[in-house]
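Just so it is clear, none of the values below were taken in a lab; they were calculated from the coordinates. Values in this document were obtained by computation on a predicted structure and should not be read as measured data. Cβ sites come from the backbone with ideal geometry, for glycine too, and all protein chains shown count toward neighbours.
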Amino acid sequence: MSKEELVEIGAENLNENDGDRTRRRVLVTGASVAGNALAWWLSRRGFDVTVVEHYPSFRDGGQNVDVRGAGRTVLEMMGLRDAVAERGTGEAGIRFVDEDDNTIAEFDKDETGTDGPTAELEILRGDLARILFDACGDAVNFRFNDSIASVDDEGDMVSVTFASGQCSEYDLIVIAEGVGSSTRELIFKGENEPRWLDVTMGYFTIPKGRGDADHCRIFTAGEGRSIWLRPDNRGTTRAILVVQKEAEGQETFSPDEQKAFLKEHFADAGWEAERVLEGLSTTDDFYFDVLRQVKMDHWSKGRVILTGDAAWCATPIAGIGTTLALVGAYVLAGELARTLNISPALIRYHEIMRPFVEKGQGVPKIAPKMLQPQTRFGVALQHAVLRVASLPGLKQIAVKAFASSADDIELPTYGAVDLGVRR
């Protein structure tokens, strides 16, 4: 079925068979992209949905994310694509630069199409999560400043005790948290066998500088380091510091230790490193990540289900995490709505998503080393390759290879949903 037909189905009235499946109670834990998207789909398929989030209020922060391929189709079915486009970062493309800020290679969005290095839908994580949160309206009960403390799966129902001391029962629990999900570890203890990618990244916001325009600038500093400066829609700049080296316990660092680690590695990096490190000292939205993929043999246990990064984090290097979150939400809600028996729903969810996830996670371990070379020769070789890849005629081939996995799924057709926001 074509994307256009799927979108048209999504705009029709409620499926006539949805009536006898309404009001099953679902608890979703995690109020970011995956959790909010799933809550939207479930609520419009007749489920009674509660989202629990351990932060005291909705989190608007975060760095750039992109929606590609099948993810855009899901947003169209939700009627939210235009809203996402209107809140875009304004990034017009990517420039690779040398120490003097001379352009090595440039990939403009107008030239590379919807799924180039800068996607058509490029948005801050918090803005996308906010759009999904607002779209849920009063159809979803959001519960902040709380989390799951314990779960008792009774077979036909799941009993939950929250950190607040309150207890409740649900038909299903869906864990839609991040890569380090504590709820996943509570229920699927020791079952994640992460794939470490030997990359550590620091994300933070700094004041906009004179050289910051509408392109992302990437500087390769050698010794496994790179600096990214990306535009946003706030009049500030989003900085990313990348270190390619084997993890040596950095995931256990305190925030002060994390900043010290980055300052030590970038003190002599050159280009705009001094300015970026000054911003690191004063930023109020610092995020530090030692990249690893989540590898789970199965995504469900009884009446508890995983989705989003908690199930299959692909890491930012893959460039498909947000798309996987949106598609996973659509598929899981659609399969659950088809039957009162969750077992076949979860089997189908696994069968549909597993190949897509595995392609998305297919990041060769050599890729970070190529992006962050260790030696001067490696940097020079990278620059030579980028110059060739950015030549007319070759640019599209390079872009196609970059974005090929974002649309490698045939989205199933489910019963139509109510696109109106319930108040």
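In the range 26-161, Cα pairs under 8 Å separated by at least six residues give a relative contact order of 35 percent. Using bins of 5 Å that start at zero, the share of Cα-Cα pairs per bin across the range 41-165 amounts to 2, 9, 14, 16, 15, 13, 9, 9, 6, 4, 3, 1, 0, in whole %.
Specify whether the C-alpha gyration tensor of the range 127-248 places it in the rounded, prolate or oblate class, a ≥ b ≥ c being the square roots of the eigenvalues: rounded for a/c under 1.5, otherwise prolate if a/b is larger than b/c and oblate if not. Judged from the Cα gyration tensor, the range 127-248 comes out oblate (a/c at least 1.5, b/c at or above a/b).
Over the chain, what relative contact order in percent results from Cα pairs under 8 Å that are six or more residues apart? Contact order relative to length: 24 percent.
Quick one: compute the contact order of the range 218-289, relative version, from alpha carbon pairs under 8 angstrom and 6+ residues apart, as a percent. Rounded, it is 24 percent for the range 218-289. Counting only DSSP beta bridges with both residues in the chain, the antiparallel share comes to about 70 percent. Think of each Lys and Arg Cβ as +1 and each Asp and Glu Cβ as -1; about the Cα centre, that makes the dipole of the chain roughly 280 debye. In plain terms, the residue of Tyr414, Tyr287, Tyr330 with the fewest other Cβ atoms within 10 Å comes first and the most crowded comes last, giving Tyr287, Tyr414, Tyr330. Magnitude of the charge dipole for the range 257-413, about its Cα centre and with charges confined to Cβ atoms of Lys, Arg (+1) and Asp, Glu (-1), is about 540 debye. Residues whose amide H comes within less than 5 Å of that of Gly93, counting only those at least five positions distant or on another chain, are Lys109, Cys216 (H built at 1.01 Å from N in the peptide plane). Taking θ as phi - 60° and the Karplus parameters 6.51, -1.76 and 1.60, the scalar couplings of the range 29-34 work out to 10, x, 10, 10, 5, 4 Hz in sequence order, x denoting glycine and proline. Under 5 Å between amide hydrogens, built in the peptide plane, is the criterion, and for Val65 it picks out Ile123, Leu124, Arg125 among residues at least 5 positions away or on other chains. If the segment from Ser57 to Asp285 were pulled out straight at 0.36 nm per residue, it would be longer than the present Cα-Cα gap by 80.6 nm.
For Phe142, the residues whose modelled amide H falls within less than 5 Å of its own, excluding neighbours fewer than 5 places apart on the same chain, are Val51.
Would you mind calculating the gained length between Ser182 and Gln374 on full extension (0.36 nm times residue separation, minus the Cα-Cα distance), in nm to one decimal?
Details: separation 192, 0.36 × 192 = 69.12 nm, distance 3.47 nm.
Once the chain is fully extended between Ser182 and Gln374, it gains 65.6 nm.
Each of Met296, Met77, Met370 was scored by other Cβ atoms within 10 Å of its Cβ. Listed from fewest to most, they are Met370, Met296, Met77. The alpha-carbon of Lys359 sits under 14 angstrom from the alpha-carbons of these aspartates and glutamates, leaving out residues fewer than 8 places away in its chain: Glu351, Asp407, Asp408, Glu410.
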